[in-house]
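The values are calculated or read from the model by the stated rules, or taken from the named source; none is laboratory data. Bear in mind the structure is a predicted one, so any value in this text is a computation, not a measurement. Cβ sites come from the backbone with ideal geometry, for glycine too, and all protein chains shown count toward neighbours.
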């Protein structure tokens, strides 16, 4: 739309000007006209899809044709709640997401701290670019790199051997899944943490030390609380992305299921969209709680 | 711990994290030049053999073609819709503003599988055949926000003295927009487009649920990693994908001074 | 999971059809597509062909010449299980897919859900040369109507690392032996329960298992218990050919349940492996190329069915995949490609060998003796989820 406006030849006079000036004099009209296409896209496609997903979760499939039938029932949810396996899978997935988030926060915080508060302007720029590259570089490529590194005849075991350490059989285990998730989502944690740390006013830190606070105390009482919204903002991504991923467990995991795998196989293999939809409500619910909590902690101001 | 020690420790930590971030990517590029068919470390020797094989593989080429096609259409749609949203939002303070912000970022904040499954159910229910069009719809949905973020950030920064000056000199709202705002925006728009392209080109989870018999490049890579018979070609393709996703981002970073490329909507 | 119920129902319908016509809804008696007239002759190709295949069934060796001769450019998707194939084929292939290389445990589900349609064998000249058992087998031909063209058949094998096993293992027992803990791989597929049942049928005669696809509750429970014991020993449940090959190549696993193609691939790649059929026998498959009801490229599909039935392609695929061709003329070609291969893959003496393989079929509630005491596939699937955890 904006492109279209920009492309118009310059003309003087005529109705077009009248419409234009009307358009620009009445901001609400402009807002409405501009907002309609993107909002329509989101409401008609995205929101409608999400609502349909919610509804589908209460449907079933015709056992004979596998077509969805609109028979309202709670069987899908009952199955998830009553079958210990699904509960185990949910707990495992949430634990993995939490573990990855904590790991990334632990790795990212000192890095971001150095970047924001110690490094020179130049080093800061370089480090920012260094985080940016893996942030955007292909997800599959970076996952595949770890297959090459962790497998039995890969880089890791070769290196261990060079140090005389027995080979570690990390590939195709949950440990590998943890490492790869932590690796892939790390930049998502570093950037908001860095942004938050950079915003901590130097004057506050100075004031604290003027008042005799020790370095660690300043860190704990001034810097950490102010940086927390950034860490929480980053954790939204590390947590959410881990919660729904199935590619990494499939390619480098040991066959233990995560929520994403079960959802994927119910759609791709068992053709049971209603059950997949019901199971998909679990990450949606968890993320809703998470986002509410994050809002309380002020993460959205950091966004 | 004394201050110097802390600094040394932090510096060491930064170096370690950088190694952690980059060693895997270096490994990928080394494997692309592997002369052997076997995926073992260290690689046997350097050769262009597999690069040649890959460049002549019709399947790879058609997957690249499809991915580029999808990414281009997605980029155009995301540009239009994302810019619209940014323009609509930037000077208004109406009540729904936060809600719209939240809505646009949702496809990136929720796990991709949710967007994928929801769209799959939507198309399934609507009797819409999965095709290139459905892939594009999925990609556009999560790409809008990167354009929106970039354009909005720039709009917020440019609404100021320049606009006022133009108005003072007698330009009306539209003229100001055309002659002042738009030129200032162009780099942000290009940056948004670059990022949307990179995001779409690499996407796999949403694509898996919205593609029919179409093989985008990531779907081809995923299938081949699992199939396991053409891993030497996968090495080459994957290196190529890293370049394709990184180059637009570097351009975008240059255009925006880094801020717009944070992906996580932070450092604005 | 509800999905298995379809299979069960479909299969019940088939059983009902075969034995007596007094039960079951009349709609289940005849496949929904039975009245669709197949092509009378192959027309001009559409320039494209979309296939769902078992990983390795579309190989450039026979794909390239086909594309050159017919101009039909192939797009294919490797499926990892029969369930996945059935799902992909939903809605008659969804207007996306032309053909699927379905196994016996998927065929009837596809036929009775109306996702595949009748084919005209007159358009497949080599059909005349098929082994008699595969011209109109019960798994793809119903009331004389053909729903596909038989392709190849073979056993599931025990794959092992020859460096770790100086003498080849003779029993499936190695897969349940804690000595190999963390070095074992198993297909991620509910039908795998039959493999454990087959093992128990020989090692625990007291359970009285006669057919690994027909298990009573107690037999089923014992089998599932065995698989749960096996769980901690398993390094990875593979879902695609490459998963297992990668794990064997890297040495992460040394023994596992496998398909013959993996042996071929791994040997080609120089990995120290071999396969065997243990004394307990093996499960196996018999595959059929079936035509999607909404196939967008039917002419190219027929050209493909014709092409893969020719002795040369049959021989190439048999050697490549390590399976047995259905075309009797393929044996001579196999010999010319690789001396001794016809005998090695049982292309010459199929009858007795055929009987040693327990072919995949969909487990249903009705046992062979007519009682309803058997465990249906739906329960196999949910049990498999609990086994894997």
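Counting only residues that are crowded, with 22+ Cβ neighbours inside 10 Å and on the phi > 0 side of the Ramachandran plot, how many does the stretch B:120-133 have? Of the residues in that region, 0 qualify. On the basis of being buried (at least 23 other Cβ atoms within 10 Å of the Cβ), on the phi < 0 side of the Ramachandran plot, at the interface with chain A (Cβ under 10 Å from one of its Cβ atoms) and modelled with pLDDT under 90, does residue B:87 make the cut? So residue B:87 fits the description; yes. If the condition is being farther than 15 Å from residue C:250 by Cβ and either within 11 Å of chain B (Cβ to nearest Cβ) or surrounded by 24 or more Cβ atoms within 10 Å (Cβ to Cβ) (or both), then the stretch A:146-169 contributes A:159, A:162.
The set of residues in the stretch B:202-211 being within 18 Å of residue A:241 (Cβ to Cβ) and more than 8 Å from chain A (Cβ to nearest Cβ) consists of B:203, B:206, B:207. Scanning the stretch C:86-108 for residues that are more than 9 Å from every other protein chain (Cβ to nearest Cβ) and closer than 21 Å to residue C:154 by Cα gives C:99, C:100, C:101, C:102, C:103, C:104, C:105, C:106, C:107, C:108. Of the residues that make up the stretch B:160-173, is at least one without any contact (Cβ under 8 Å) to a residue 12 or more places away in the chain, assigned to a helix (DSSP H, G or I) and either under 20 Å from the mean Cα position of the chain (by Cα) or within 8 Å of chain A (Cβ to nearest Cβ) (or both)? Yes - at least one qualifying residue is present in the stretch B:160-173. The helices (runs of 4 or more DSSP H) found entirely in the stretch C:194-304 that carry 2 or more residues being away from chain B (no Cβ under 14 Å), more than 22 Å from the chain's Cα centre (by Cα) and closer than 30 Å to residue A:254 by Cα are C:217-230.
Which one is surrounded by the fewest Cβ atoms within 10 Å (Cβ to Cβ), of the residues in the stretch C:193-214 that are in contact with a helix residue (DSSP H, G or I) (Cβ under 6 Å, 6 or more places away or on another chain) and over 19 Å from residue C:170 (Cα atoms)? The extreme case among them is C:207. Screening residue A:172 with (1) in contact (Cβ under 8 Å) with a residue 12 or more places away in the chain; (2) more than 8 Å from chain B (Cβ to nearest Cβ); (3) on the phi < 0 side of the Ramachandran plot gives one miss only, at (3). Mind listing whichever residues of the stretch B:35-63 are within 16 Å of residue B:220 (Cβ to Cβ), more than 13 Å from chain A (Cβ to nearest Cβ) and in a helix (DSSP H, G or I)? Those that are within 16 Å of residue B:220 (Cβ to Cβ), more than 13 Å from chain A (Cβ to nearest Cβ) and in a helix (DSSP H, G or I): B:50, B:53, B:54, B:55, B:58, B:59, B:60, B:61, B:62.
Within the bounds of the stretch C:92-101, is there any residue that is within 14 Å of the chain's Cα centre (by Cα) and either more than 25 Å from residue C:213 (Cα to Cα) or modelled with pLDDT under 90 (or both)? Taking every residue of the stretch C:92-101 in turn, none turns out to be within 14 Å of the chain's Cα centre (by Cα) and either more than 25 Å from residue C:213 (Cα to Cα) or modelled with pLDDT under 90 (or both). One residue is enough: does the stretch B:130-137 have a residue meeting the conditions at pLDDT below 95 and out of contact with any helix residue (DSSP H, G or I) (no Cβ under 8 Å at 6 or more places or on another chain)? Within the stretch B:130-137, one or more residues are at pLDDT below 95 and out of contact with any helix residue (DSSP H, G or I) (no Cβ under 8 Å at 6 or more places or on another chain). Filtered by the rule that a residue be away from every other protein chain (no Cβ under 14 Å), surrounded by 19 or more Cβ atoms within 10 Å (Cβ to Cβ) and part of a loop (DSSP other than H, G, I, E, B), the stretch C:367-389 gives a lone residue, C:375. Restricting the first member to the stretch C:64-77 and to residues that are away from chain B (no Cβ under 12 Å), and the second to residues that are part of a strand (DSSP E or B) and buried (at least 19 other Cβ atoms within 10 Å of the Cβ), the beta-carbon pairs closer than 6 Å and six or more apart or on different chains are C:72/C:49. Out of B:147, B:60, B:136, one residue alone is farther than 20 Å from residue A:51 by Cβ and either crowded, with 24+ Cβ neighbours inside 10 Å or touching a strand residue (DSSP E or B) at 6+ places or on another chain (Cβ under 7 Å) (or both). It is B:147. Picking from residues in the stretch B:221-235 that are at the interface with chain C (Cβ under 8 Å from one of its Cβ atoms) and under 11 Å from residue A:250 (Cα atoms), the one that is nearest to the chain's Cα centre (by Cα) is B:225.
A quick yes/no check of all residues on (1) more than 7 Å from every other protein chain (Cβ to nearest Cβ); (2) part of a loop (DSSP other than H, G, I, E, B); (3) touching a helix residue (DSSP H, G or I) at 6+ places or on another chain (Cβ under 6 Å):
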{"residue": "A:198", "(1), (2), (3)": "yes, no, yes"}
{"residue": "A:260", "(1), (2), (3)": "no, no, yes"}
{"residue": "A:274", "(1), (2), (3)": "yes, no, yes"}
{"residue": "A:281", "(1), (2), (3)": "yes, no, no"}
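For (1) part of a loop (DSSP other than H, G, I, E, B); (2) modelled with pLDDT of 90 or more, each residue gets a yes or a no:
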{"site": "A:231", "(1), (2)": "no, yes"}
{"site": "A:235", "(1), (2)": "no, yes"}
{"site": "A:243", "(1), (2)": "no, yes"}
{"site": "A:248", "(1), (2)": "no, yes"}
{"site": "A:254", "(1), (2)": "yes, no"}
{"site": "A:257", "(1), (2)": "yes, no"}
{"site": "A:267", "(1), (2)": "no, no"}
{"site": "A:270", "(1), (2)": "yes, no"}
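Matching residues to (1) modelled with pLDDT of 90 or more; (2) over 21 Å from the mean Cα position of the chain (by Cα); (3) over 23 Å from residue B:250 (Cα atoms); (4) not in a helix (DSSP H, G or I):
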site	(1), (2), (3), (4)
A:142	yes, no, no, no
A:147	yes, yes, yes, no
A:159	yes, yes, yes, no
A:167	no, yes, yes, yes
A:178	yes, no, yes, no
A:185	yes, no, no, no
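When the criteria are applied in full, residue B:77 meets the requirement of being in a helix (DSSP H, G or I) and either at the interface with another protein chain (Cβ under 7 Å from one of its Cβ atoms) or crowded, with 19+ Cβ neighbours inside 10 Å (or both). When the criteria are applied in full, residue B:235 fails the requirement of being in a loop (DSSP other than H, G, I, E, B), closer than 30 Å to residue C:248 by Cβ and in contact (Cβ under 8 Å) with a residue 60 or more places away in the chain. Looking at the stretch A:20-32, which of the residues that are exposed (fewer than 15 other Cβ atoms within 10 Å of the Cβ) and facing chain B (nearest Cβ under 10 Å) is modelled with the highest pLDDT? Per the stated criteria, the residue is A:32. Just one of the numbered conditions (1) within 30 Å of residue A:299 (Cα to Cα); (2) more than 7 Å from chain A (Cβ to nearest Cβ); (3) crowded, with 24+ Cβ neighbours inside 10 Å is not true of residue B:19: (3). Within the stretch C:274-302, the residues that satisfy the criterion of being farther than 17 Å from residue C:100 by Cβ and out of contact with any strand residue (DSSP E or B) (no Cβ under 6 Å at 6 or more places or on another chain) are C:274, C:279, C:280, C:281, C:299. Residues that are more than 15 Å from the chain's Cα centre (by Cα), within 15 Å of residue C:295 (Cβ to Cβ), outside any loop (DSSP other than H, G, I, E, B) and modelled with pLDDT under 90 do not occur anywhere in the stretch C:68-75.
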